[in-house]
Amino acid sequence: MCGIVGYVGSKNAKSILINSLKKLDYRGYDSAGLSTLEDELYVFKDQGEISVLEKSIPDMPGTLGIGHTRWATHGKVCKENAHPQISGNKKIAVVHNGIIENFRSLREGLEAEGHSFESETDTEVVSHLVEKYYDGDLEEATRRALKDIEGTYALAIMCKDEKDKIVAARRGSPLILGIGENENFVASDIPAILEHTNKVFFLDDNEIATVANDKIHITNFDGITIKKEASTIDWTYEDAEKAGYAHYMLKEIHEQPHVVHQAMLGRISELDASVSFDELNSNEPFFSTLGEISIVACGTSYYAGMYGKHIIESMAEIPVKVELATEYNEHIPIMFNNIERKLIIAITQSGETADTLAVIKRAKNMGHKILVISNVPGSSASRLADWTIPNKSGPEIGVAATKTFASQLAVLYLIALYLGQLRNTLGAHQISKFIKNIRDIPQLIQTVLDRSAEIEHCAKELKNVSNMFFIGRSTNYPIALEGALKLKEISYIHAEGFSAGELKHGPFALLTEQTPVVALCDRYDSYEKILTNIIEIKARNAPVIAVTDTDDDEMEKYVDSVLRVPRASIELSPLLNAVVCQLFAYHVANYKGCPIDKPRNLAKSVTVE
Amino acid sequence: MRAIVLAAGEGSRLRPFTESMSKVMLPIANKPILEYVVDALTQSGIEDIVMVLGYRKERIMDYFGDGKNFGANIRYVFQEKQIGTGHALLQAKEELDDETIVLAGDNVIDAEILSSIVSHKGLALLYIKHDKPSKYGVVTIDGGLIKDICEKPKKDIGNLISTGIYKFSKNISNELEQIISQGSPKITNFIRHLLEDEKKIASVKGEGTWQDAVYPWDLLRLNEVTLQNCPSASAGKIERGAEIKGNVSIGKNSIIRSGSYIIGPVLIGEGCEIGPNACIFPATSIGNNVTIGAFSEIRNSIIMNNVHVGSRSSVFQSVIGEGSKLDTNFTSVVGDAYISLGKSDNFHEVKDIGCFIGENCKIGSGAVVDPGKIIGRNCKIDIQKRITKNVKSESIVV
């Protein structure tokens, strides 16, 4: 998971590439580099993130170039291993996102033929292979090289002898081509080019594109031309900026009232007691006769999936399994069963998560119906899916997912309602009430944001702890897991989420005065139980911070501090508690001085398995 | 040319509406006041905008972002403590350019009023005639130059008031810094200082819109005036049997149900459900994600985002804050009222007025609110209560 960019046009390529790379550094930022072409092939690369390296980059002439920001997979983080990788004859420059699985054997072969290698990367074999096959036609040389290569890649390649084009290719890693006026772009993701154009081609697997300033020619590996429809992206450039906030993450946390509003806009009607999705056809008997759902996802999306299980099972009375895409290999036999009545729901923010894509591909091959929940229109996942429900939350740049989590929860809530309505497990009045409840959520999230001073204060008190636990029950259990994940990701504090009831089955042994516990409460069926759990924790002297609603005057008798949210229904209180956890993690990390938008070792879109 | 917009203050006389967002973000015809300022600037060819923010700045940044959606390039600087307009400007002193328009973010203005000062070269102050000058900084003029400025004069010294719109240049920043360090944080102090220093400040007359909302009831007047330019457009759905007359604008994914009767000018935001059989009369603005129940009547009111108005309710000449829920049979009684905003405030005579309800209130079924009464934010009113006094924020009325 690296970010690649390319530019062909009439402006100075260097500054455009640097700006684009900055927009992609959520994909990796341990090293970066770029290459431009005029009379010479100019190359700059080094260890460090692009915004830091920027100052040390010398003048690089040329209106054609490629760039890269790296998240190391093969080879340690060092200047030599940064991209672009250059061929032995110093004519071919390559940037790559993905993993070349047979690079060792290819490298040995090339070395035997006299090629000498400078880096430890898998990518370097591409530049040498292209050099080997080069005979005056870069596209053809690339095509021949790719026939030797096994693995995944998004590639952008240029050659000193062809000063008017970049050759790009894709298999398994995302790649888009931006269409400008007398200029064209190559990029791993949309934000990189949004400043320049919102018209794009989505390259598909096993396609090669030759990109010149006035022309984009796409072929398959056999050289047959492929006609593609350009897509228009309705994100605005602004969505990818920080807009006065110190960090993207905080900006994105604050976008959540709007994001939830967007997620439900046009999908609900309170008086009609109906939920509809333009993307789904309610007359299709498949949905009303579903017997089983499997949700697959990773990370934060997986926690959203756990929430989805709860809500779908209770509203639509369909059994739901939630699986980590990373672990799905172990469960292949399950996928064979009951294909006609089973729906796979894959949740992936980027639509490019390699682990989730692998499951989607396998399930599709077996004939399963797949519904994807993704934030990126035209992503690989949505192109494989039978249906895609877009989150509509706009680009998310902060590595720690926040607003897309909120929109995933909102979308899952609506899907549960939708299925409940099709299957008659919910009455019209109930549906109307559920719709009314989600209608209130944007305002309630805004209220949580308006009260964030309390959360910030609490974060300040706890910034020096080294362990922290989050507990919750029923719909708030996934939020406890997500709260712990947020804290781990950006503040580097060791945090664990538990079901409140599970604490006494083991983790209790870890409780001391130095392990604060954040308890996410909702005042419904499980309130008494979580109160009991809290009292048990207090008996072990661990400090407890309770998140509960503003009307709860019981809780403060038992805990060290109370963070208050407005009262919401049991199904929707997770959306408010999640915002508290996000703000808490943010402020802890901010007090600790952590690089919030770029936590160490992480990248946003995980395009390797 | 660059503009520096001062938008750090709360506008506390507009409480409870300013308790979670500042005055500049209060909606007039479904647009924050500050958006009128941004639009006036961009229409005058000024896209380079610096905003000085303080109180509830997140709401402003969330809305305007980097300004691209508004045809502007907006950057932000922050004033930690809101101690005065001059001090606010000082926070942006690095941003003062050779020619910079400095203006307040809390007046509804149009591009026309800016045209004379935009084209003027050198230090200048934009003034207008006003029929209630005593609330503002009154200027006296001599030979095209400002002679003096007097804040809220007790005596009648003329009817020309400062709009708070200035043309400054970067070479004033040292003097600004100096005068503020002497403990005079307002821009008018600074102007007087410049005059005492025999600096020439041109007086430029403004022609066009310059409107101010000082008190909650001013919002209604401003809304009514602004709605006169309300377009007629529908991106929503209008069921058969609903009658729409005059200029009515209906946002995306909103639905007007059968039997409803709407007479413009009326603005309805996105994702609203109106009716069936609801009546909405001039001049009313309804925000996003609002539901108006069956058989309710709304007249000359501002209904902000996420509000629910229950069935058989009457909302007249009133302002309902974000997220408030009015249960069935709510009544705002219209009449003349003497309103005081607090112990230190005088009584203001306001004619023909309904009520003011802050954000996130829950008003029980059958509640009746007397004319001119103000209910704070986050209040709960029990069923069938009659509200005859102002209700403080976070109160429960049982």
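The values are calculated or read from the model by the stated rules, or taken from the named source; none is laboratory data. Model, not experiment: these values are computed from the prediction. In this analysis, Cβ positions are derived from the backbone assuming ideal geometry, glycine residues included, and neighbour counts consider all displayed protein chains. Ligands, DNA and RNA are stripped out before the accessible areas are found, and what is left, the full protein with its side chains, is counted by its heavy atoms. Shrake-Rupley method; radii C 1.70, N 1.55, O 1.52, S 1.80 Å.
For this structure, a couple of remarks:
- Rounded tilt (10° steps) of A:403-422 against the dominant C-alpha axis of chain A: 70
- Placing a pseudo-label 7 Å from each Cα along the Cα-to-Cβ vector at B:L145 and B:I383 gives an inter-label distance of 7.2 nm.
- In the protein assembly as shown, the DSSP-assigned H stretches of four residues or longer account for a calculated mean residue ellipticity at 222 nm of -8500 deg cm²/dmol, using -39500 (n - 2.57) per stretch and the full residue count as denominator.
- Chain pair B, A: total accessible area buried, heavy atoms, 1.4 Å probe, Å²: 2500
- Label-point separation, A:S314 to A:K361 (7 Å along Cα→Cβ), nm: 3.8
- The Cα center of segment A:87-120 and the Cα center of segment A:428-457 differ in position by 55 Å.
- All aspartates and glutamates inside 17 Å of B:K155 as judged from Cα atoms, apart from same-chain residues fewer than 8 positions distant: B:D131
- Packing, as the average of other Cβ atoms within 10 Å across residues, places the peptides B:228-241, A:282-295, A:79-92, A:354-367 in the order A:79-92, A:354-367, A:282-295, B:228-241, highest first.
- For segment B:275-311, accessible area lost to neighbouring protein chains reaches 40 Å² or more, against the chain alone with a 1.4 Å probe, at B:N289, B:N306.
- Equivalent ellipsoid semi-axes - Cα gyration tensor, chain B, angstrom: 40, 23, 18
- The charge dipole of the protein assembly as shown, taken about its Cα centre with unit charges on the Cβ atoms of Lys, Arg (+1), Asp and Glu (-1) only, comes to about 2300 debye.
- Split the accessible area of segment B:237-281 by element, probe 1.4 Å, and carbon with sulfur accounts for 49%.
- Extension gain from B:V398 to B:R240, taking 0.36 nm per residue of separation minus the Cα-Cα distance: 52.7 nm
- Cα lying deepest toward the dipole's positive end in segment A:93-202, options A:N198, A:V167, A:V125, charges on Cβ: A:N198
- Measuring between alpha carbons in the structure, the pairs from B:K31/B:K135; A:K251/A:K592; A:K251/A:K486; B:K362/B:K385 lying more than 21 angstrom apart are B:K31/B:K135.
- Accessible area of chain A belonging to carbon and sulfur atoms, whole % at 1.4 Å probe: 46
- Members of segment A:440-455 that become less accessible by 10 Å² or more once partner protein chains are added (1.4 angstrom probe, chain alone as reference): A:D440, A:P442, A:Q443, A:Q446, A:T447, A:D450, A:R451
- Taking label positions 7 Å along the Cα-Cβ direction at both A:R104 and B:R221, the computed distance is 8.3 nm, reported to one decimal.
- Restricting the chymotrypsin sites (Phe, Trp or Tyr not before Pro) of segment A:177-218 to loop positions (DSSP other than H, G, I, E, B) with no more than 14 neighbouring Cβ atoms within 10 Å leaves nothing.
- Shape index of segment A:268-421: Rg/Rh, with Rg the Cα radius of gyration and Rh the Kirkwood radius from the inverse mean 1/r over Cα pairs, equals 0.94.
- Between the alpha-carbon centres of segment A:475-541 and segment B:162-202 there is a gap of 57 Å.
- Of the residues in segment B:60-76, those shielded by at least 40 Å² of accessible area once partner protein chains are present, compared with the chain alone at a 1.4 Å probe, are B:M61, B:D62, B:D66, B:K68, B:N69.
- Averaged over the residues of peptide A:244-252, the number of Cβ atoms from other protein chains lying within 10 Å of each residue's Cβ is 3.
- Three-way shape label, segment B:257-339, alpha-carbon gyration tensor, a/c 1.5: rounded
- As a calculated quantity, the FRET efficiency between B:E175 and B:R75 at R0 = 30 Å, using C-beta atoms, amounts to about 0.80.
- 20 Å Cα-Cα reach of A:K369 towards lysines, excluding residues that sit fewer than 8 places from it in its own chain: A:K309, A:K321, A:K342, A:K361
- Compared with the rule-of-thumb size 2.2 N^0.38 Å for a compact globular protein, segment B:1-157 has a Cα radius of gyration ratio of 1.05.
- Cα-only Debye scattering, segment A:11-95: base-10 log of I(q)/I(0) at q = 0.14, 0.16, 0.22, 0.27 Å⁻¹: -0.41, -0.53, -1.01, -1.42
- For segment A:212-325, alpha-carbon Rg and Dmax in angstrom: 20.6, 56
- Alpha-carbon centroids, segment B:1-73 and segment B:231-278: separation in whole Å: 28
- Farthest towards the positive end of the charge dipole of segment B:2-77, among the residues B:A8, B:A40, B:A29, is the Cα of B:A8, using unit charges on the Cβ of Lys, Arg, Asp and Glu.
- In a simple Cβ point-charge model (Lys, Arg +1; Asp, Glu -1; nothing else charged), segment B:1-110 has a dipole of about 480 debye relative to its Cα centre.
- Cα gyration tensor shape for the protein assembly as shown, rounded if a/c is under 1.5, else prolate or oblate: oblate
- Compared with the dominant principal axis of the Cα atoms in chain A, helix A:138-148 is inclined by about 60°.
- Of the Cα atoms belonging to segment A:484-572, the radius of gyration and Dmax stand at 13.0, 34 Å.
- The residue list A:I86, A:H74, A:T36 was ranked by how far each Cα lies along the charge dipole of segment A:3-102 toward its positive end, using unit charges on Cβ atoms, and A:H74 comes out on top.
- Potential extension, A:E54-A:E284 segment - 0.36 nm per residue separation minus Cα distance: 77.4 nm
- Scaled to the globular estimate 2.2 N^0.38 Å, the Cα spread of segment A:385-426, given as radius of gyration, is 1.43.
- Per residue accessible area in Å² of the protein assembly as shown, where ligands, DNA and RNA are left out and the probe is 1.4 Å: 37
- What you get for chain B, charging only the Cβ of Lys and Arg (+1) and of Asp and Glu (-1), is a dipole of about 980 debye around the Cα centre.
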